[in-house]
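Report on one structure; see the data block that follows.
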Amino acid sequence: MAPKPPVTAALVGRTVAAWAVTLLIFFPLGWLVLTAFKTELQAISVPPLLFFTPTLDNFVEVQRRSDYLLYAQNSVITSVISTLLGLAIAFPAAYSMAFFRSKWTRDVLMWMLSTKMMPAVGALVPIYVLAQTAGLLDTRLALIVVFMLSNLPIMVWMLYSSMRDIPNEILEAARMDGATLWQEFRRVLLPLGMGGLFSTGLLCLVLAWNEAFWSLNLTAAKAGTLAALIASYSSPEGLFWAKLSCASFMAIAPIVVFGWFSQRQLVQGLTFGAVK
Amino acid sequence: MFRLRSSLTPNGTAGAAAAPIAVPGVARAEVNRFLPRALLAPAVITLFLWMIVPLVMTIYFSVIRYNLMQPGEVGFIGLANYEYFVTDPSFWTAIINTLLLLGSVIAITVFGGVALALLIDDPFPGRGVVRVLLISPFFVMPTVNALLWKHMMMNPIYGVLAQVWHFFGATPVDWMADWPLLSVIIMVAWQWLPFATLIFVTALQSMNREQLEASRMDGARYFQQLRYLYVPHLGRSIAVVIMIETIFLLSVFAEIFTTTGGGPGDASTNLAFLIFKQALLNFDAGVASAGALVAVVLANIVAVFLIRMIGKNLD
């Protein structure tokens, strides 16, 4: 294909159509960001305001009223630690299945995936009761464990499919040369599998950050994540759209920007390498 | 040279476990029979516990009287909880809503995603920016997604959609009250359409351009190209999109929790939300557990279809 296509009616039409649809899909998000910088009155003005003098008051107000930073801290801690823990467990498992295939490998993989298909709500009562009994309700530890476990099947699958692309011969050669397991891991597997490890980590970070079911049901004021904080803005009488938008903006901005930079790896990772 | 794959027999562990002496070369072959299992074990064990402990507890809770508010009054009541859950009129509504939500969102995202992917497949000015803007909704957490649509978009007085309706001289729609399930479908589809689009765009990049060019030379119309070249090429990625979306869509919860609360009535209650209502709003852990098992069975039925589908498509 030519790097610079000639300007034709078809190209103009396609460009206009693509941009129109894209702006339509992006509009709600753009509107959210705009509203975050409005006053409450501007936020509900009829007709809606597109141009206005932006204010930063909402940011101060959100932090003052609902301790944004505490929730942000909870989100960062739970998503990062659950991802790291999950990788530590999933990586060896994926390695084992990718390079030491047995006749059960396929069944184990399918079984792991099937645990992900169980709706989380199926485990709600037992997990709630267990957490209650162990005194772990409203703690970060409970969320870390639950996030880690619910993402584990996806991690194993993604790492497995990325490692399948590494030729077994390279590892065998290293072993023949007398490399210990640690050397094999450190010098061969890690450099070659970095891409897969990276995209798996990214995806699980996003999933944990956005996870809402468990954070809504297992946490309250102390260990709540940003997803739970935003839900608390859902009061029926509250027309505090500017503050709601501002809190939402602060909750999604880190992960959306993060997602922009890693979208290619993410999408490829999430298809378990099935779409190239 | 030993073949690692064949050296791993089902009965091979017992002897190998006793010989982890690090003599390079020779001993490694022995260690290799034990090692894969040791590396696999943590993942398998934790996942097994994660699956079996809640499952056993759920089965137990489902046959006893168990109200979280009255922890003293526990007793075996057989299948009464199941009977209660399944004969509750909300049950069938919830099943239908679950499947409607799943089916509509998959239909919207697959058809919309393929159309969008075809639209942005060839280069045009600003394609990189379009890609980034398009994927954004996928990274938005469900609670933000829900509140954004409920208030700023769908509010019947101040919402943007109401203004659009006014502009065209129509009466604004009270989305949450009149079309609760459709509202939830719109929110969820908005989140997943970008994902599907990006997968399809990625898949289209491996289309055979020469084949396309040749078919064009031979006078194939765009529709024919679509039918015989694009759609078959996308088959595998469509399967992947359906599989991944099903995993996440069967348990849509936060969007319903934060917007309609399942209502009005049961109009937007799906199975996940119905069970939640029984457990944490009615405090009836027994009925909720029975419901959870029903949900697990439903998920398994869907999973069997899916695993067959991926089994065919991922090998």
Stretched out fully, how many nm does the piece from B:Met207 to B:Tyr60 gain, at 0.36 nm a residue minus the Cα gap? 47.6 nm
FRET efficiency for B:Glu83 and B:Phe111, Cβ-Cβ distance as r, R0 = 35 Å, nearest 0.05? 0.30
Are any of the pairs A:Lys222/B:Lys277; A:Lys116/B:Lys150; A:Lys222/A:Lys243 more than 26 Å apart by Cα-Cα distance, and if so, which? A:Lys116/B:Lys150
Return the Cα extents of chain A along principal axes one, two and three, sorted largest first, each rounded to a whole Å. 73, 68, 31
Given N residues in segment B:80-313, what is its alpha carbon radius of gyration divided by 2.2 N^0.38 Å? 1.19
Relative contact order [Cα under 8 Å, 6+ residues apart], segment B:80-313, whole percent: 32
Cα-derived Rg to Rh of segment A:73-218, Kirkwood definition: 1.04
At what distance in angstrom do the alpha carbon centres of segment A:163-235 and segment A:75-112 lie from each other? 9
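Taking 0.36 nm per intervening residue step and subtracting the Cα-Cα distance, what contour gain separates B:Trp165 from B:Ala38 on full extension?
Result for the pair: 39.5 nm of gain on full extension.
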Test of understanding: in a Gaussian network model of chain A with alpha carbons linked when under 10 Å, which of A:Phe99, A:Phe91, A:Phe52 would top the mean-square fluctuation ranking? A:Phe52
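I want the local charge near A:Val188. Using Cβ-Cβ distances under 12 Å, sum +1 for each Lys or Arg and -1 for each Asp or Glu among the other residues.
Charge balance near A:Val188 sits at -1.
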Need the C-alpha centroid separation for segment A:132-147 versus segment B:238-264, integer Å. 24
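Determine the relative contact order of chain A: mean sequence separation of Cα pairs under 8 Å and six or more apart, normalised by residue count, in whole percent. Walk me through the numbers before you get to the answer.
Values: 251 pairs, mean separation 86.4, N = 276.
So the answer I get is 31 percent.
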If I model a spin label as a point 7 Å beyond the Cα along the Cα-Cβ vector, how far apart are those points for B:Leu226 and B:Ala214 in nm? 2.4
Gain in length, A:Leu192 to A:Phe261, computed as 0.36 nm per residue apart minus the alpha-carbon separation, to one decimal in nm? 22.7 nm
Given the rule -39500 (n - 2.57) for each run of at least 4 DSSP H residues, summed and divided by the residues of chain A, what is its mean residue ellipticity at 222 nm, to the nearest 500 deg cm²/dmol? -23000 deg cm²/dmol
In whole Å, largest first, what are the principal axis extents of the Cα atoms in segment B:93-190? 42, 37, 25
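List the residue ranges in chain B for DSSP H helices whose C-alpha atoms run 20 angstrom or more along the long axis and whose Kyte-Doolittle average is 0.5 or above.
Long hydrophobic helices here: B:26-62, B:89-119, B:180-204, B:231-249, B:285-313.
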Per DSSP H run of at least 4 residues, take -39500 (n - 2.57); add these up for chain B, divide by its residues and hand me the 222 nm value, nearest 500 deg cm²/dmol. -21000 deg cm²/dmol
Those GluC sites (Glu not before Pro) in segment B:138-245 that DSSP places in a loop and that have at most 11 other beta carbons within 10 Å: none
GNM result for chain A, Cα springs below 10 Å: residue of A:Ser248, A:Ser114, A:Ser82 fluctuating most strongly: A:Ser114
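Determine the relative contact order of segment B:217-315: mean sequence separation of Cα pairs under 8 Å and six or more apart, normalised by residue count, in whole percent. Mind showing how you got there, number by number?
Working: 44 pairs, mean separation 24.3, N = 99.
It rounds to 25 percent for segment B:217-315.
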With r as the distance between the Cβ atoms of A:Trp111 and A:Thr180 and R0 = 45 Å, compute the FRET efficiency 1/(1 + (r/R0)^6) and round to 0.05. 0.90
Using Cα atoms only, what is the angle between the long axis of helix A:68-99 and the major principal axis of chain A, expressed in degrees (0 to 90) to the nearest 10? 20
Return one number: the angle in degrees, 0 to 90 and rounded to the nearest 10, between the long axis of the Cα atoms of helix A:241-270 and the longest principal axis of the Cα atoms of chain A. 30
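What FRET efficiency do you get for A:Leu84 and B:Phe283 if R0 is 25 Å and r is their Cβ-Cβ distance, rounded to the nearest 0.05?
For R0 = 25 Å, the calculated efficiency reads 0.10.
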Residue by residue, what Karplus-based ³J(HN,Hα) values in Hz, rounded to whole numbers, does segment A:129-136 have, using 6.51, -1.76 and 1.60 with θ = phi - 60° and x for Gly and Pro? 5, 4, 4, 5, 4, 7, x, 9
Within 10 Å of each Cβ in A:20-33, the average number of Cβ atoms from other chains: 6
Taking chain A as a Gaussian network, where each spring joins two C-alpha atoms under 10 Å apart, which residue of A:Ile230, A:Ile144, A:Ile25 fluctuates the most? A:Ile25
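Here, each number is a calculation from the coordinates, and none is a lab measurement. Keep in mind that what you see is a predicted model, and the values were worked out from it rather than measured. As a convention, Cβ positions derive from the backbone with ideal geometry for all residues, glycine included, and neighbour counts pool all protein chains shown.
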